[in-house]
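This report refers to the structure that appears directly beneath it.
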Amino acid sequence: MSDFVDRVTVHVKGGDGGNGSAGIRREKYKPLAGPNGGNGGRGGSVIFVADPNANSLLDYRFMPHRNAESGTMGLGDTKDGSQGADLRLPVPVGTVVFTARGAEGQPKRPGEVLADLRHAGDEFVAAAGGAGGLGNAALANKTRRAPGFALLGEPGEERDVILELKSIADVALVGFPSAGKSSLIAAMSAAKPKIADYPFTTLVPNLGVVQAGDMRYTIADVPGLIPGASQGKGLGLQFLRHIERTEIIAHVIDCATLEPNRDPVADYRALEKELAEYADELELPLGAIPIPERPRVIILNKVDMPEAKELAEFVKPEFEKMDLPVYIVSTASHEGLKELNFALANLVTEMRKDVAAREASAEEERVVIKPLEEAGTRRRNGRNGDVQEFTIEREQDGNGNYWYTVTGTKPERWVVQTNFDNDEAVGYLADRLAKLGVEDALRKNGAKPGDEVRIGRGARAVAFDWDPTIAAGAEMLDGAQLGTRGHDLRLEEEDTRARRRTNSERRRQYHEMMDARAAVRAAMQAEREAGHWADPSIDDDRHDETSLFGRGEPEEYEDDADDAGAQGDEA
């Protein structure tokens, strides 16, 4: 198997953020001393880095799944969780990162360009790590002093990307199979490509570093170009993309071929036609020189044979009429290689200056256009200007069922960070959405109580029936509202030093206490004067069992005594 891979599909996932802690500080004689839960740690990110020491994407073919480290959970005593380490993946210079399109389980095809790592050290965050959840210590404030919940960690970003290598070489060698491109690289550099006497020997691009005095440049060949390559014939478009980044295109023409209907000028025109057709569908990077405008060099090879030498001398004037520099060389005898080497070095120096000037000019002329935002869904941000917080869409299926979908960075992040097993956390989410303006926007878009509302899309979406009459934010116990969420009455009873009284409050409370005492004394005196109070030494209630002198006679004896007294009166 070849050790050169220039296109792979990689599944990347950022680390999950750690959950926040909902701890309570406990002290001696004070079991509830306030929240002290720490924050969860941030998850690591997956980052592609252009590394000049990497020359292939082979490692990602055997290990296509790459996951960054997750953050850890927060702890008590306001200890934050540790952050997950970023996963930095080296890729060759010239790697382009695409989105992966295609159905699940089917081969993926490149989509939108995400990054173009053209220079050594360029980085791209392919999958960002999730944010850590806040602990209840961070959620506490003067109105919510005792939160009984914490936020969950945000899941890391997960997606498929396609890495495509487009060789960064100064000179690209193009030509028919067996034209001697690999032999030319082997003769001019230390590269050792496979060389044989049959077509399509080279199945992968070869790259060599050439030294010309103090000047150093790279040279690469594009294998298997034949008429119809732009439509997929031969090796087709598989390696044509490797000439997109080259500054000079050198045609290596075989002057010793024995095939009928082949001559150097016809070979040149046939390959130029394929390059022109390929260039029409090509999207070049910022500041790059279009393929038709790049300088061409004609290299007439294999002139160590007498017939080839005569043919090269014969067709050289034809190419010179096209204003093309022509060099007659032989990779076997090294004839003309020194002149070709220094000529290419001088041309590369000029082209590097031209490319740098084009990139700088294109960077200055680039204009950033921002899309229009709907009024009411934007919030002013001092750093980034107008930022759209959320969008609301009314969607409907074929059965007539409809719902409202809320999308946005903040609402979707809040949903995944909410623990729906905790009523207080759910109420906190409702408060945040209302403060952001989601409820007002739903009402403006025609939503009515009872309509289905979905926050987010896909597997992370949360659906619920909208009811704007429910007041979120208060803990409910037996139907009685005890106060705002996060307000613990036990803390209020035990923590008497939480708030000092003012002098006016002290005076008012003192006068209220003295007035209450005076009112009690006046009421007692009024009862005494009215005769409600008696001498405790007199047994005026003989039925009182607790009396010191009472006999505790039952009620039936009282009736008999009353009857006897009545008879005595009659006598």
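The values are calculated or read from the model by the stated rules, or taken from the named source; none is laboratory data. Quick caveat, the model's predicted, so the values are computed rather than measured. Positions of Cβ are backbone-derived with ideal geometry, glycine not excepted, and every protein chain shown enters the neighbour counts. The area values use the complete protein model at the heavy-atom level, side chains included, leaving out ligands, DNA and RNA. Shrake-Rupley method; radii C 1.70, N 1.55, O 1.52, S 1.80 Å.
Points worth noting:
- Selection from the range 71-99 of residues that are of a type in the set (S, T, N, Q) and under 19 Å from Asp160 (Cα atoms): Thr95, Thr99
- Residue in the range 379-395 that is of a type outside the set (Asp, Glu), at pLDDT 85 or above, open to solvent by 60 Å² or more (accessible area, probe 1.4 Å) and touching a strand residue (DSSP E or B) at 6+ places or on another chain (Cβ under 8 Å) present: yes
- Only one of Ala441, Ala472, Ala425 that is at pLDDT below 85 and surrounded by 15 or more Cβ atoms within 10 Å (Cβ to Cβ): Ala472
- Complete set of residues in the range 50-73 that are more than 22 Å from the chain's Cα centre (by Cα) and either in a loop (DSSP other than H, G, I, E, B) or among the acidic types (Asp, Glu) (or both): Asp51, Pro52, Asn53, Ala54, Asn55, Ser56, Leu57, Asp59
- Hey, Gly398 open to solvent by less than 50 Å² (accessible area, probe 1.4 Å), at pLDDT below 85 and either farther than 24 Å from Leu139 by Cβ or touching a Gly at 6+ places or on another chain (Cβ under 6 Å) (or both) or not: no
- Residue check, Asp451 surrounded by 14 or more Cβ atoms within 10 Å (Cβ to Cβ), charged (D, E, K, R) and at pLDDT below 85: no
- Assessment of the range 72-79 against the conditions (in contact with a strand residue (DSSP E or B) (Cβ under 7 Å, 6 or more places away or on another chain) and of a type in the set (Gly, Ala, Ser)) yields no matching residue.
- Any hit, the range 270-282, residues being modelled with pLDDT under 65 and surrounded by 14 or more Cβ atoms within 10 Å (Cβ to Cβ): yes
- Looking at the range 94-194, the strands (runs of 3 or more DSSP E) lying wholly inside it that each contain 2 or more residues that are of a type in the set (A, V, I, L, M), within 24 Å of the chain's Cα centre (by Cα) and over 30 Å from Gly336 (Cβ atoms) sit at 95-101, 109-117, 123-127, 158-165.
- Annotation note: of Asn346, Asn341, Asn301, the sole residue that is at pLDDT 80 or above and in contact with a Cys (Cβ under 7 Å, 6 or more places away or on another chain) is Asn301.
- Inside the range 135-183, residues that are touching a Gly at 6+ places or on another chain (Cβ under 8 Å), under 26 Å from Ala212 (Cα atoms) and of a type in the set (A, V, I, L, M) make up a count of 1.
- Leu32 being open to solvent by 50 Å² or more (accessible area, probe 1.4 Å) and closer than 28 Å to Asn419 by Cβ: no
- Val416 vs. criteria open to solvent by less than 50 Å² (accessible area, probe 1.4 Å), in contact with a helix residue (DSSP H, G or I) (Cβ under 9 Å, 6 or more places away or on another chain), over 20 Å from Gly450 (Cα atoms) and among the aliphatic types (A, V, I, L, M): yes
- Candidates Thr257, Thr246 - the one that is open to solvent by less than 10 Å² (accessible area, probe 1.4 Å), among the hydroxyl-bearing types (Ser, Thr, Tyr) and modelled with pLDDT of 55 or more: Thr246
- Residues in the range 56-67 include at least one that is polar (S, T, N, Q), touching a residue at least 24 places away in the same chain (Cβ under 8 Å), touching a Pro at 6+ places or on another chain (Cβ under 9 Å) and open to solvent by 20 Å² or more (accessible area, probe 1.4 Å).
- Tabulated pairs, the range 94-123, first β-branched (Val, Ile, Thr), second open to solvent by 40 Å² or more (accessible area, probe 1.4 Å), C-beta under 6 angstrom, 6+ apart or interchain: Val96/Asp116; Val97/Leu114; Thr99/Glu112
- Here Tyr327 clears all of (1) modelled with pLDDT of 85 or more; (2) closer than 28 Å to Glu277 by Cβ; (3) assigned to a helix (DSSP H, G or I); (4) open to solvent by less than 70 Å² (accessible area, probe 1.4 Å) except the condition numbered (3).
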